[in-house]
Amino acid sequence: MTSGVDTSFDFNSDTPAGKDPDSFSPTLRRYHQLLWSKELPNGARFDVAPEGRQYLVHRSPVGVFHLASDTITTRLRKRAWAVVREIPENELPEYSGYTVGSTLVFPGNVVGGRQTINGARGFHAKIADRFDLTLECIRRHYLGQPNPLADALRRYADFFALFEDFPGYVKFFMLDDLVEDDGRTIRSSTRSRTSARRPFRVPPRST
């Protein structure tokens, strides 16, 4: 499944200057195609490939899905910096560039002129691009529970249905390290106790 994927490759290195690797790195697109072209929980194949100007597309009897790449390891230097700065500098991981473990695919087609999932999680004040909170929203989506990204996730309900349930989604996208052994608790990207108790607290604006 991961044959041919260099986990240390920095996608900034093959992206034109000033451009976004999520759109312009040919290696990143190829890695996404290698990683996510595989069997779904129900045994059907989920093969993806570039199609015209579309980043990656899946077409089969299960449906048509247009996918886009997005980072899931933002350095949180904007609104969420108010939380991240609580962590001692020597406990923060060293930034190693934009590598394959820092990225994922989400549905990329616009539905009804509304925000995509990528856009919604970036602009929603209670998420601020944090992937741990995004993953918690996805977990709640599968349970039919309210969450800050509920509207955006419902717009792509057919995509999430491919994986049947939250454990299926986690397994397919190899996100096991982000979930506790109980399969229900998301590992927080910050050690802030306040954030753990109130996962959707709006981070205060930094000055």
Of the listed residues (R184, R130, R205, R191), the one being modelled with pLDDT under 95 and within 13 Å of the chain's Cα centre (by Cα) is R130
Matching residues in the stretch 145-175 (surrounded by fewer than 17 Cβ atoms within 10 Å (Cβ to Cβ), charged (D, E, K, R) and either at pLDDT below 95 or under 16 Å from A120 (Cα atoms) (or both)) number 2
Q. Do we have any residue at all in the stretch 141-157 that's within 29 Å of V5 (Cα to Cα) and in a loop (DSSP other than H, G, I, E, B)?
A. yes
How many residues of the stretch 1-19 are surrounded by 14 or more Cβ atoms within 10 Å (Cβ to Cβ) and more than 14 Å from S102 (Cα to Cα)? The answer is 1
Condition set assigned to a loop (DSSP other than H, G, I, E, B) and out of contact with any Ser or Thr (no Cβ under 9 Å at 6 or more places or on another chain), scope the stretch 117-139, selection nearest to A152 (Cα to Cα): answer is H124
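The values are calculated or read from the model by the stated rules, or taken from the named source; none is laboratory data. Only a predicted model underlies this, so the values are computations on that prediction, with no experimental measurement involved. Note that each Cβ is placed from the backbone with ideal geometry, even for glycine, and that neighbours are counted across all protein chains shown.
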